[in-house]
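Data block below; observations after.
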Amino acid sequence: MTGMTTGTSDVLELAPDDPRLSLRGQAELLREGEWLVPGRLPVATQRWLIDPVLAEKAAMPAGVRLDFRTDATALHWPVEVRSPAGASRAPAPFDVLVNGKLLARLPVDGPATLAVELPAGPKSVRIWLPQFGSVRLGRVRLTGANLLEPTDREPNVVLYGSSITQCTGASGPSETWPALVATALGGDLRCLGFAGECHLDPMIARFIRDCPADLISLCVGVNIHGRSSYSRRTFAAALTGFVATIRDGHPDTPLVLMTPIATADREHASNDVGLSLADLRAEVTAVRDFLYQRGDSALRLVNGLDVLGPGETGLLGDGLHPTPAGYRLMAERLTPLLGGCLSG
C-alpha cells in the first residue's frame, strides 16, 4: 500500500529503529547512551563464535540503510563515524537518495549532523550508511513531515564475500556492487562482505541459514588464497559443509557460488599450502557440480572471470580490489546473472 499517512507533525524526531522508519541490513542494534550502533553479525549474543577481527569488520555497516517515505522538506541526523585504525582513505560517506537518485554524498569523520534539504512532495528516501568505519546513530529529525506507508515487500538478497563484496573502494555506499545489484533487482540487501575475513566461518553459515532469503550468493576464494586458510584436502569439505548448513534453513532458495574475479598476480601464484587462485576457482566449480549432480538443482555457479576478467585488470586499483569503475562494471554484469537466479 502507498499514500497513507502514518504520522503527521511539523517536526518529527524519531530513533532510527522507530517502526515508522525502516533500518535495514543490520543483524543487531546496540545502545551506547543516546546512540544506536548497527552491526552486521549478532556479535553481542554470539561473541564466542566470532573472531575479534571478523567482529571488527561486522561493525562496519556496509549495505545498511535507512528507508522511509515522507513529504518532509528537511532532514537532520546526528551521526558519528569512527574510521578504522590506521586508515588512510577519505572520510566515510553517507549517500542520501530520493526516489532512487543520489541527492547528497556526505563524508563524515567523527561526530557530525547530516543536514539535507529535501524536494517538495511525497518521496522515498534512502540513506546508505558508510561501507567502512563503525557508525553511531542519533535521532532522525524531519521537518514539515508526514510519514507515509512503506512500499511492498522486497525479495531478500544475501551476499557473502570478502573486501570485494564489502567494496570499501567504491565511490560511495550506494555504488558498491551489492547495493547496485540489489537496487536494480528491487531487493532487500543483506551485505555480508568482510574485508580479509571470508573464511567460511561456520557461524556465518548458521546466520545465513536463519536469515530471510530469496537469493543467496557466496563469493569465496580470494581471502582463502591470501591467508592459506584451507588446503586442497580441506577446502572442498569446508565449502560443502558451509552450503549444507545454509540448506538446513533454505533447502530450495537459489544459491549462487561465485568464483573469484581476475587479479593481477594471484592467478597462478601458489600460496603457503600450494594452491593458486585458479586452483581455488576450480575447487569451487567442482563443489557446485558435485552438489548439483546430487540433487541441489537450485545451486548455481557464476564464474568470476565473466564478471571481471584477465583482460580487465586495469580496473583493479591495487592489483586486487576494483576501482569505482570496476565495481560499477561488476554490478552491470552481475545484475542479469543474479537476477536470472532470483526469477528462476
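Quick notes on this structure:
- Of all residues in the stretch 156-176, those that are modelled with pLDDT under 95 and not small (G, A, S) total 1.
- Taking the numbered list (1) open to solvent by 60 Å² or more (accessible area, probe 1.4 Å); (2) at pLDDT 95 or above; (3) under 22 Å from the mean Cα position of the chain (by Cα) in turn, G317 passes all entries but (2).
- Taking the stretch 152-163 as the range and being within 15 Å of G326 (Cβ to Cβ) and open to solvent by 10 Å² or more (accessible area, probe 1.4 Å) as the test, only S163 passes.
- Helices (runs of 4 or more DSSP H) lying entirely in the stretch 171-256 (those with 3 or more residues that are open to solvent by less than 10 Å² (accessible area, probe 1.4 Å) and either of a type in the set (V, I, T) or in contact with an Asp or Glu (Cβ under 8 Å, 6 or more places away or on another chain) (or both)): 232-249
- Only residues that are of a type in the set (G, A, S) and crowded, with 17+ Cβ neighbours inside 10 Å were counted in the stretch 320-339, giving 2.
- So R47, is it at pLDDT below 95 and either touching a Ser or Thr at 6+ places or on another chain (Cβ under 8 Å) or within 30 Å of D10 (Cβ to Cβ) (or both): no
- Filtering R288, R328, R300, R281 for residues that are of a type in the set (K, R), in contact with a strand residue (DSSP E or B) (Cβ under 6 Å, 6 or more places away or on another chain) and in contact (Cβ under 8 Å) with a residue 40 or more places away in the chain leaves a single hit, R300.
Okay, residues lined up against (1) open to solvent by 10 Å² or more (accessible area, probe 1.4 Å); (2) without any contact (Cβ under 8 Å) to a residue 12 or more places away in the chain; (3) in a strand (DSSP E or B):
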site	(1), (2), (3)
D95	no, no, yes
L102	yes, no, yes
L114	no, no, yes
G121	yes, no, no
P130	no, no, no
G144	yes, no, yes
P150	yes, no, no
T165	no, no, no
G169	yes, no, no
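- Some residue of the stretch 179-197 being of a type in the set (V, I, T) and out of contact with any helix residue (DSSP H, G or I) (no Cβ under 7 Å at 6 or more places or on another chain): yes
- Within the stretch 141-158, at least one residue is in contact with a strand residue (DSSP E or B) (Cβ under 6 Å, 6 or more places away or on another chain) and of a type in the set (K, R).
The values are calculated or read from the model by the stated rules, or taken from the named source; none is laboratory data. Note that the structure is predicted; figures quoted are calculated from it, not measured. Reconstructed Cβ throughout: ideal geometry from the backbone, glycine too, with neighbour counts over all protein chains shown. Quick note on the areas: whole protein, heavy atoms, side chains included, nothing else; ligands and nucleic acids left out. Shrake-Rupley method; radii C 1.70, N 1.55, O 1.52, S 1.80 Å.
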